[in-house]
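No lab work stands behind these numbers, since they all come straight from the coordinates. Bear in mind that the values here come from a model prediction, so they are computed numbers and not experimental data. We place every Cβ from the backbone using ideal geometry, glycine too, and count neighbours over all the protein chains shown.
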Protein chains: 2
Amino acid sequence: MNSHEHQPDFSQGVAFVRGRYVPIAEAAIPITDWGFLRSDAAYDVVTVWEGAFFRLDAHLERFEKSCARFRLNPGLAPAQITDILTQCVRLSGLKSSYVEMICTRGQPPWGSRDPRQAVNQFYAFAVPYVWIANEEQRKRGLHVQISDVERISPRSVDPTAKNYHWNDMTMGLLGALDAGAESVVLTDGAGNVVEGPGFNIFSVKNGVITTPDRGVLEGITRRTVIEMAQSRSIPVQLGTLSADALRASDEVFLSTSGGGVLPVTKVDNQAIGSGNVGPVTQSLTALYWEWHEDPRYKTVIQYA
Amino acid sequence: MNSHEHQPDFSQGVAFVRGRYVPIAEAAIPITDWGFLRSDAAYDVVTVWEGAFFRLDAHLERFEKSCARFRLNPGLAPAQITDILTQCVRLSGLKSSYVEMICTRGQPPWGSRDPRQAVNQFYAFAVPYVWIANEEQRKRGLHVQISDVERISPRSVDPTAKNYHWNDMTMGLLGALDAGAESVVLTDGAGNVVEGPGFNIFSVKNGVITTPDRGVLEGITRRTVIEMAQSRSIPVQLGTLSADALRASDEVFLSTSGGGVLPVTKVDNQAIGSGNVGPVTQSLTALYWEWHEDPRYKTVIQYA
């Protein structure tokens, strides 16, 4: 037995829980936290690529807004959150990482059912980078299905405040996987697609990019796509996107922190356009990774 | 220091986590469980009153249905679940208890986003009995507000499968508490009330009881109310219940495992009927507790 055996193994990821940094496999939240028992929580995900956060400020700003919308208070300033996220990544040694920050309701004193009396909790973790599409899928394009399951309405839960209400996504995904597709996009009940599990969706038709403007998370990668398109003078239209229009697209792609711009080449088992990854998708994908080198967007991490 | 200090303190409640019984204050779930990160879980709550479960079979049956609906498998037969719940209560020594059983998605192997590959997890806990209304409120009746927040649609999440998608309830409740009410009832977006946080709602008008028939959890206490009304030859109507009809009721009450039949005497700050707890509500409340003595519904717990 040597002292090394007593060192925690941080290589699979690190979490910040109740003021301590622990290996991801040991990270847990109290079973009584309303973040679990009522899914009463807000969160955000920022990625680290080649040793630098990408658009950290934008994610911190959205996290603050999501918390405020749900009347949650992590009790930490953005600079303090940055320190915690950085320490999670640093301890893990991960150069590419998926970094999540979470604020839960916690619990009120025993016997109270008043959310205002709860002590909110902050959690964070850094794990290896997550890809929504594997390498083969990124080359040939994803096959997605449009689901009959409706995305939870904005009249019930505000989708612009990032939250864990995903049962509709999960049930839709299960249906799509059973049908042989690889992911799913949900609709708004009026024939329009909205979003899928972890991503926004885009259509390219006659040189114009369209993405839904309501009932969706306003993804930071979605924003990056819009800004990249503007930088290339490609017109972008925010509005409704019908399922029929999606199927009739020249190109379809997704935006996500889990891989950036991801091509879709089949919808409901029918080829989109040529059936190959299209030129607009390819151009934006390349630019997405180029922007990771841009000092405006990167926050370099000092590892040990 | 004596050996007593090493005994776990089970008096505040007991949880079953990863095959072990632990004090509720120490009970935790992995932060990476999709039961938390995607609110991908089903649950049920059964109560213990004066040392006996009330309608345990009905709760176990509904839990099984909820799990099946979400394609979750706790990996335990009802008799095994009964043993675990009983052991939680027995260790706590609680004669009146709120007992929750939970099945979460768990997590798939690293890198997979396929819920079918996840290893589902079973959790349970027993804590002191939870009242949705305190003693004063039970005597004079609760004051509830009808919220503008719409209950999540059944087209998005099946409300008959008991789940933790409660952001709509929480935001509605916060609005109601701010306005000086004590609880909230949500609507379906078409002018009808549906349910509130932890309860079903009933109207009594001209001797007829009405409760919503869709967009709601089919509560076991709701079923008990319907059966009690039938046993007293009070007509019960399952159908839509408009917000206007609710306000114009002779009596309003809630049904919940958190206290049984609970009177409501104000809706949107206006008195219901006489403003006092009405005779149908009083009669059903008394019968609810009488039925707790009925051998058909009770499962006696052998404490040590």
Original post:
With +1 on each Lys and Arg Cβ and -1 on each Asp and Glu Cβ, how big is the dipole of chain A about its Cα centre, in debye rounded to the nearest 20?
Top reply: 540 debye
Original post:
Over chain B, what relative contact order in percent results from Cα pairs under 8 Å that are six or more residues apart?
Top reply: 18 percent
**OP:** Quick one: which residues, 5+ away or cross-chain, put their amide H under 5 Å from the amide H of B:Gln237? H built at 1.01 Å from N.
**Re:** B:Ile209, B:Thr210, B:Thr211
Original post:
If each of A:Asp114 and A:Asp294 carries a label point 7 Å out from its Cα toward its Cβ, how far apart are those two points in nm?
Top reply: 4.8 nm
**OP:** May I ask you to derive the FRET efficiency for B:Thr160 and B:Gln80 from their Cβ-Cβ distance with R0 = 25 Å, giving the value to the nearest 0.05?
**Re:** 0.55
**OP:** Can you tell me the 0 to 90 degree angle between the C-alpha axis of helix A:56-69 and the longest principal axis of chain A, rounded to 10?
**Re:** 80 degrees
**OP:** Mind running the shape call on chain B? Use the C-alpha gyration tensor, a ≥ b ≥ c as the square roots of the eigenvalues: rounded below 1.5 for a/c, prolate if a/b tops b/c, oblate otherwise.
**Re:** prolate
**OP:** Would you work out the charge dipole size for the protein assembly as shown about its Cα centre, treating the Cβ of every Lys and Arg as +1 and the Cβ of every Asp and Glu as -1, and quote it to the nearest 20 debye?
**Re:** 40 debye
Original post:
B:Val184's amide H: which non-local residues (gap 5+, or another chain) put their own amide H closer than 5 Å, with H modeled 1.01 Å from N in plane and none for Pro or chain starts?
Top reply: B:Gln145
**OP:** Measure out, as a whole number of angstrom, how far apart the alpha-carbon centroids of the stretch B:64-100 and the stretch B:228-256 sit.
**Re:** 31 Å
Original post:
Could you work out the helix-only [θ] at 222 nm for chain A, with each DSSP H run of four or more residues adding -39,500 (n - 2.57) and the total divided by the number of residues, to the nearest 500 deg cm²/dmol?
Top reply: -8000 deg cm²/dmol
Original post:
Counting partner chain Cβ atoms within 10 Å of every residue's Cβ in B:22-35, what's the average?
Top reply: 5
**OP:** Springs between alpha-carbon atoms under 10 Å, Gaussian network over chain A: tell me which of A:Pro74, A:Pro128, A:Pro115 tops the mean-square fluctuations.
**Re:** A:Pro115
Subject >> Likely footprinting exposure, A:Thr32, B:Thr47, fewest C-beta neighbours within 10 Å first >> reply: A:Thr32, B:Thr47
**OP:** Could you work out, residue by residue across A:150-163, how many beta carbons of other chains sit within 10 Å of that residue's beta carbon, and then give the average as an integer?
**Re:** 5
**OP:** Between copies, how far apart are the B:Gln12 label points? List them in nm, one decimal, shortest first, with each point 7 Å from Cα toward Cβ, please?
**Re:** 3.0
Original post:
Which whole-number percent is the relative contact order of the stretch B:223-282 (Cα, under 8 Å, 6+ apart)?
Top reply: 26 percent
Original post:
For the peptides B:197-203, B:209-215, what is the packing order when you average, over each peptide's residues, the other Cβ atoms within 10 Å and list the highest mean first?
Top reply: B:197-203, B:209-215
Original post:
Measuring from label point to label point, each 7 Å out along Cα→Cβ, what is the A:Val208 to B:Leu238 span in nm?
Top reply: 4.9 nm
**OP:** List nothing, just return the count: lysine pairs in the protein assembly as shown, 8 or more apart or interchain, with Cα separation under 24 Å.
**Re:** 17
**OP:** For the protein assembly as shown, divide the Cα radius of gyration by the Kirkwood radius and give the resulting Rg/Rh value with two decimals.
**Re:** 0.99
Subject >> In sequence order, calculated HN-Hα J values of the stretch A:7-21 (Karplus, 6.51, -1.76, 1.60; Hz; x Gly/Pro) >> reply: 6, x, 8, 8, 5, 8, x, 9, 10, 10, 9, 6, x, 10, 9
**OP:** Could you tell me which of rounded, prolate or oblate describes the stretch B:24-84, using a ≥ b ≥ c as the square roots of the eigenvalues of the alpha-carbon gyration tensor, with rounded for a/c under 1.5 and, failing that, prolate when a/b is larger than b/c and oblate otherwise?
**Re:** oblate
**OP:** Would you mind listing the distances between the A:Trp110 label point and the same position in each other copy? Use 7 Å along Cα-to-C-beta, nm, one decimal, shortest first.
**Re:** 4.0
Subject >> Dipole in debye (nearest 20) - the stretch A:112-261, about Cα centre, beta carbon charges: Lys, Arg +1; Asp, Glu -1 >> reply: 360 debye
Original post:
For chain B, modelled as a Gaussian network with Cα springs under 10 Å, which listed residue fluctuates most, B:Ile31, B:Ile81, B:Ile102?
Top reply: B:Ile31
Original post:
What is the average number of partner chain Cβ atoms found within 10 Å of a Cβ in B:36-46?
Top reply: 5
Original post:
Looking at B:Gly278, B:Thr82, B:Thr221, which one has the Cα that reaches farthest to the positive end of the dipole of chain B (charges on Cβ: Lys, Arg +1; Asp, Glu -1)?
Top reply: B:Thr82
**OP:** Would you please classify the overall shape of the stretch B:219-268 from the alpha carbon gyration tensor, given that a ≥ b ≥ c denote the square roots of the eigenvalues, rounded means a/c under 1.5, and beyond that prolate means a/b larger than b/c while oblate covers the rest?
**Re:** oblate
**OP:** Assuming R0 = 25 Å, can you tell me the calculated FRET efficiency for the pair A:Arg247 and A:Ser283, based on Cβ-Cβ distance, to the nearest 0.05?
**Re:** 0.65
Subject >> FRET efficiency for B:Tyr303 and B:Asp9, using Cβ-Cβ distance with R0 set to 25 Å, rounded to 0.05 >> reply: 0.90
**OP:** Could you state the angle between the C-alpha long axis of helix B:78-92 and the longest principal axis of the C-alpha atoms of chain B, as a value from 0 to 90 degrees rounded to the nearest 10?
**Re:** 90 degrees
**OP:** Specify the angular offset, from 0 to 90 degrees and rounded to the nearest 10, of the alpha carbon long axis of helix B:167-178 from the longest principal axis of the alpha carbons in chain B.
**Re:** 50 degrees
Original post:
Can you sort A:Arg296, B:Arg90 so the residue with the fewest Cβ neighbours within 10 Å comes first?
Top reply: A:Arg296, B:Arg90
